[in-house]
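In what follows, a single structure is set out as structure tokens and then discussed.
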Amino acid sequence: MKALFESTPRYHWGANENLIFTVYKKGKPQTFAIDPESNTLKRITDGKPAPGADGKPRVVAQGMFSYSPPIREISSPDDKWFAGTDDGNLYFRPTSRDGKETPFTKDSTPDDDYTVLGARWSPDNRYLALRRMDSRGVPTIPLVNWSSADQTVKPWLYSRVGDPIVRQTLVIADRHTGTLSTIKLDPSLAYLHLVSWSPGSRYLYLMATSRLMKRLDLVRIEASTGKADILLSEHSKTNIDGSQSYLFVRGYAPQLTQLHYVTMLPDGRFIWTSERDGWRRLYLYSANGALVRPLTPTHSVVRRVIGYDAADGTVYYIARAETDRPYRNALFGVSIKDGKAKQVASGPRFFHVLMRPDGRYFAFVHGGLHDPTRLDIYSNDGHRIRRVWSGRHATSRFRHGAIDPFTAKAADGKTLIHGLLFKPAGFDAGKKYPVVEIIYAGPQDGIVAHWQGSANYWAGQALASAGFVAVEIDARGTPGRGRAFANAFYGHIGQGEIADHVAALRQVSAARPWMDMRRVGIFGHSWGGYFAARALLKAPELYKAAAASAGPASLRDFRVPIEPYMGCLPKLCPTVYGQGSNVALVPHMTGNLMILQGTADRDVPFGNSMRLISALVKAGKPYQFVAFPGQPHTIYYSSYWWHRIIGFFKQNLGAAR
């Protein structure tokens with residue numbers, strides 16, 4: 001089917017247990033169904049239709065970020081009802097064509113309203129659990145429409161580190177009685193995440209965390225009485241989960257749901273994810289919250305749970321496959337009955353793994369650096385049933401040289417870190433090439449590409465195609481290597497990360513004389529924008545040019561998701577926050593800096609660039625600034641963004657010599 005398809009397909013398991021997938025040929029969708037039992041394929045006109053008169057739930061609110069999907073109504077398990085909000089008040093409406101909204105609440109105000117984001121229907125369609133969001137006293141930022149004649153201003157809720165945050169309250173709406181119950185929880189638990197209901201609709205399960213993520217509770221709530229019992233309370237001196245802590249913050253409910261941090265079993269037992277011993281493992285607990293046993297081995301790193309097969313008691317998950325290749329993943333299954341594990345499929349990288357509801361088959365996109373991205377169907381005993389699709393990504397149009405994975409020692413002289421090097425197009429070992437590092441360095445994600453579908457793979461190839469040696473490094477402080485590795489800079493972000501990158505580049509270039517270490521640049525976006533500027537400011541002996549895209553100007557300018565990685569709020573530890581300021585280092589800048597940002601950025605506000613530029617002007621330092629009027633945080637989708645970055649490095653680093 002390779003010749004037929006141009007883009008990665010969309011897919012889901014249909015009601016008849018066939019895999020429904022849609023691909024595009026010349027921009028037109030083509031939808032097929034595969035029966036994994038008979039391994040037969042047929043073309044169909046469409047997949048499973050969504051409920052509702054217009055074929056889909058209505059949009060009721062904006063997502064928190066520009067890249068977040070809009071918040072839509074959620075349908076009841078029997079597909080007969082929608083729940084949504086109108087002006088912040090909860091309503092229900094039938095999914096029939098003439099279904100009209102029936103208001104359920106009337107007490108919402110602009111700064112104290114209800115949200116169906118992350119809400120959960122009970123299996124019997126009677127209850128809806130949702131959150132009330134009180135934003136009174138929470139700061140706002142101005143989003144200015146600079147392109148309009150009147151330059152209209154829209155306020156947007158935004159909490160920087162230490163600011164007041166939205167207060168969340170759990171409520172349960174009883175559609176049968178028309179009553180709304182407010183559930184009393186520990187007020188020190190700042191973030192709430194609704195997990196699921198028990199099969200009989202008696203209990204709701206909820207995860208709740210403290211603001212700094214040093215405590216995480218699993219709470220069982222009886223719907224009829226509102227009684228809340230803590231089944232499990234996990235505590236940590238740092239944060240509960242080094243790389244995933246930020247997902248508990250408001251706005252990330254869909255991503256946290258996909259992670260399956262806790263999996264409730266039909267009999268009330270549950271599978272819990274924890275880094276308590278330094279490695280993300282799975283644990284089986286009784287219905288009353290007593291530990292039964294660990295399910296995954298020591299030193300394993302579970303990426304996420306895929307699903308649970310109740311028929312044979314097997315939980316399936318993605319985890320590290322090899323200790324000496326820490327970023328290589330595999331799909332595993334482990335029995336909760338006897339703890340026996342099996343490997344279903346190897347990655348090395350998985351994207352969008354879907355288990356058929358009966359647990360017998362899996363559909364997933366996976367690939368590697370040297371393997372094409374493909375969509376496969378596997379049985380749960382590890383046999384590939386069918387290769388549904390295999391394709392090439394847009395990066396194949398670039399001219400580039402070899403791609404070389406490498407390892408190096410961190411600045412501590414002992415910790416092994418991993419990276420990836422892209423050789424330039426038309427590589428000639430007799431020449432000297434300028435070097436550009438792509439950086440992120442945040443604790444929640446890595447930068448090193450592991451498959452051809454990665455945006456970081458695209459970036460590396462694009463730089464190599466332009467004549468640079470492109471380098472990506474996952475140093476200490478990044479995820480995927482256990483708690484100690486991820487928390488290497490816990491409490492003092494910005495203080496040690498750049499030293500690791502400098503050490504790695506020095507070691508890599510020592511064996512590659514064609515890397516011109518007198519001409520090294522660096523660029524990054526968001527957290528990477530902060531660290532790109534920081535590299536230029538803290539290691540001017542190495543980095544001569546930096547392109548900082550949409551990066552905070554200082555640690556105090558970060559949003560609240562950074563708090564769990566600092567372990568304190570600025571008023572209690574002002575010194576460590578102050579040490580992470582890029583603004584304070586501007587007077588010592590010697591290299592060339594380009595700043596890029598969208599004026600409508602709701603993630604890293606436009607004011608960050610203005611504060612950094614103010615410091616540059618005050619210190620008399622030259623700089624380049626590229627504004628993207630009306631654009632949000634995702635300016636990297638603009639071809640102009642990439643054009644300016646490539647041009648900047650050509651101007652300041654030159655070509656091969």
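No lab work stands behind these numbers, since they all come straight from the coordinates. Treat the numbers as computed from the prediction; the structure is a model and nothing was measured. Here Cβ is always computed from backbone atoms with ideal geometry, including for glycine, and neighbour counts include all displayed protein chains.
Listed values, structure above:
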{"item": "Most to least packed among 463-470, 355-362, 134-141 [average Cβ atoms within 10 Å]", "result": "463-470, 355-362, 134-141"}
{"item": "Dipole-positive endmost among 179, 193, 158 within the range 73-197 (Cβ charges, Cα centre)", "result": "193"}
{"item": "Per-pair calculated FRET efficiency, R0 = 22 Å: residue 65 and residue 145 via Cβ, rounded to 0.05", "result": "0.75"}
{"item": "Built amide H within the under 5 Å cut-off of residue 519, gap 5+", "result": "435"}
{"item": "Distant-in-sequence amide H partners of residue 488 (H built 1.01 Å from N, under 5 Å)", "result": "477"}
{"item": "The range 151-228: trypsin sites (Lys or Arg not before Pro) falling in loop per DSSP and having at most 14 other Cβ within 10 Å", "result": "184, 227"}
{"item": "Contact order relative to length of the range 307-371, as percent, for alpha carbon pairs under 8 angstrom and 6 or more apart", "result": "24"}
{"item": "Karplus-derived 3J(HN,Hα), 6.51/-1.76/1.60, for each residue of the range 287-302, Hz, glycine and proline x", "result": "5, 9, x, 8, 5, 8, 5, x, 10, 10, x, 4, 6, 7, 10, 7"}
{"item": "Residues with amide H under 5 Å from that of residue 112, placed H, sequence gap 5 or more", "result": "135"}
{"item": "Cα long-axis angle, helix 497-510 against the chain (0 to 90 degrees, to the nearest 10)", "result": "50"}
{"item": "Distance in nm between pseudo-label sites at residue 86 and residue 636 (7 Å out along the Cβ direction from Cα)", "result": "4.0"}
{"item": "Segments 340-346, 151-157 sorted - mean Cβ within 10 Å per residue, highest first", "result": "340-346, 151-157"}
{"item": "The chain: relative contact order as a whole-number percent, Cα under 8 Å and 6+ apart", "result": "9"}
{"item": "Karplus 3J(HN,Hα) series, Hz, for the range 355-370 with 6.51 cos²θ - 1.76 cosθ + 1.60 (x for Gly, Pro)", "result": "8, 5, x, 7, x, 8, 9, 10, 10, 7, 8, 8, x, x, 5, 10"}
{"item": "Under the Karplus curve 6.51 cos²θ - 1.76 cosθ + 1.60, θ = phi - 60°, whole-Hz ³J(HN,Hα) for the range 538-548, x wherever Gly or Pro sits", "result": "9, 10, x, 5, 10, 8, 9, 8, 9, 10, 9"}
{"item": "Rel. contact order, % - alpha carbon contacts under 8 angstrom, at least six apart, the range 77-236", "result": "14"}
{"item": "MRE, 222 nm, helices only [DSSP H, n ≥ 4, -39500 (n - 2.57), over the chain, to nearest 500]", "result": "-4000 deg cm²/dmol"}
{"item": "Set 423/650; 409/538; 538/621; 227/337 screened for pairs whose C-alpha atoms are more than 23 Å apart", "result": "227/337"}
{"item": "Whole-angstrom gap from the range 437-469 to the range 88-137, using each part's C-alpha centre", "result": "42"}
